[in-house]
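Contents: one structure, followed by commentary.
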Amino acid sequence: MQLQKNISLKPYNTFGIDVSANYFSSFSNADELAELLSFDPSLSVLTLGGGSNILFTKNFDGLVLKNEVKGIEEVTEDEDYVYVRAGAGENWHSFVLHCLQRNWAGVENLSLIPGNVGASPMQNIGAYGVEIKEAFFELEAFNIREKKVYTFSSNDCEFGYRESVFKQKYKNEFIILSVTYRLRKTPVFNTSYGAIEQELERMQVKELSIQAISRAVINIRSSKLPDPAKIGNAGSFFKNPSISKKQFDALKEKFPGIIGYENESGNVKLAAGWLIEQSGWKGYRKGDAGCHEKQALVLVNFGNASGREIYDLSEEILQNVKNKFGVELEREVNVV
Ligand code: FAD
Ligand code: EPU
């Protein structure tokens, strides 16, 4: 733990945006965190994990705290589940591998999502038919103002599609220190997402296992999502929007190819990537800001784009999709 001044945040965000923070420090436990927060209580505070879901549009006037809380431990078990606590600063995919090695099931569909454990409940990470709320048990979070640690159950987190209390209601109020997951001893496979079945077939998997599902997910992801080590991005820039069945049917008349999935509430979740592609943005580039050539939902930084340029591009796309389809996209990435 060492407080640094005027630090570039470029290495700390996967978009590779070059902004600075007045103060920066990492921390590895609650005591260090309390000490750092007492340095100047008037400072704005921003917690960073892997920086893979954030877009900086300006320098950060305050204190950036990089979460380095480590450790993975088996807390307890019952007949069906093992309860595993992981430090918020553990890398997410390393945690998934840790579970796969021990045959603990529930997170295999979430393989290769960038970032850290601490951010997994923040937006209830999801991929290939699974959301983290299904394997979540509880978390510990430090209240910045009260300097007190609270435990949040799944209900307390109010998980939704790419949402939790930490993203909106309690924004910047808590710092997640650890997350406890409830993992199955006997797997319940989820291959409902079409692409997984196809990939398992292509891989000629004879016996289904969580390891095979993980490999299939890794193959699919690697084939279309840009690697942030090579090209700056933060995954899907927008959420997939939900509309009523009535609105969907009307859109389908006009745009027969439109992609949507009916959910339990009777609404239809549209593939935002399709809307953006059909609006002509896929593969678009202006300066160093662009829209990925294989996945239109992913905005990219080809090198030296500013956060403002990426944001402005997202605004153009949003307006364009709204004009063409009458559907308003919502940003998934945290804009700072
Ligand atoms: P950061 O970007 O560091 O932080 C994200 C937000 O959480 C910020 O607002 C930050 O202040 C806050 N935060 C971070 N850590 C803490 C903490 N300990 N306590 C309190 N607040 C905190 N996401 C998906 O859901 N599904 C996907 O399939 C997916 N695919 C992706 C693919 C690529 C190529 C990329 C680049 C991103 C993808 N993402 C995906 C988005 C991202 O990986 C996840 O949202 C991830 O959980 C972010 O973790 P992070 O540690 O990098 O968070
Ligand atoms: N599509 C297009 N054009 C595109 C992109 C997608 O037509 O440019 C179509 C695809 O052909 C497919 C449908 O849209 O029929 C869905 O595409 P895909 O399977 O790639 O998933 P997505 O809806 O674009 C979501 C998540 C991803 C997650 C995948 C897999 C959101 C906002 N995004 O993407 O999460 O990995 O499903 O489950 O829900 C993230 O959150 O950062 C992220 C990458």
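Sorting 140-148, 254-262, 115-123 by average packing, meaning the other beta carbons within 10 Å per residue, from highest down gives 115-123, 140-148, 254-262.
In what sequence do Y83, Y150 fall when counting other Cβ within 10 Å, fewest first? Let's see the in-between values first.
Numbers: Y83 16, Y150 13.
Lowest to highest Cβ neighbour count: Y150, Y83.
Does the chain come out rounded, prolate or oblate, given a ≥ b ≥ c as the square roots of the eigenvalues of its C-alpha gyration tensor, rounded meaning a/c under 1.5 and, failing that, prolate meaning a/b above b/c? Here the chain falls in the oblate category.
Size descriptors for region 72-184, from the alpha-carbon set: Rg then Dmax equal 13.3, 40 Å.
The magnitude of the dipole of the chain, with charges of +1 and -1 set on the Cβ of Lys/Arg and Asp/Glu and taken from the Cα centre, is near 960 debye.
Peptide packing for 274-280, 206-212 was compared via the average number of neighbouring C-beta atoms within 10 Å per residue; ordered from the highest value, the list is 274-280, 206-212.
Counting only helical runs of four or more DSSP H residues, what would the 222 nm mean residue ellipticity of the chain come to if each run contributes -39,500 (n - 2.57) and the total is spread over all its residues? Intermediate results must be reported in sequence, preceding the final value.
On the way: 8 runs with 82 residues, N = 336.
My calculation for the chain gives -7000 deg cm²/dmol from helical runs alone.
Order of F15, F302 from fewest to most other C-beta atoms within 10 Å?
Values: F15 26, F302 13.
Lowest count first: F302, F15.
Straight Cα distances below 27 angstrom link K324 to the lysines K224, K239, K245, K246, K252, K254, K269, K282, K286, K294, with same-chain residues fewer than 8 positions distant left out.
Where the alpha-carbon atoms of region 4-67 are placed on the principal axes, they occupy 31, 20, 16 Å, in descending order. Residue order for H93, H98, H292, fewest other beta carbons within 10 angstrom first, comes to H98, H93, H292.
Please give the net charge around G194, taking every other residue with its beta carbon less than 13 angstrom from that of G194, where Lys and Arg add +1 and Asp and Glu add -1.
Taking every Cβ under 13 Å from that of G194, the sum is -2.
Just so you know, all these numbers are worked out from the coordinates, no wet-lab data involved. If you're wondering where the values come from, they're calculated on a predicted model, not measured in any experiment. Please note: Cβ atoms are built from the backbone with ideal geometry, for glycine as well, and neighbour counts cover all protein chains shown.
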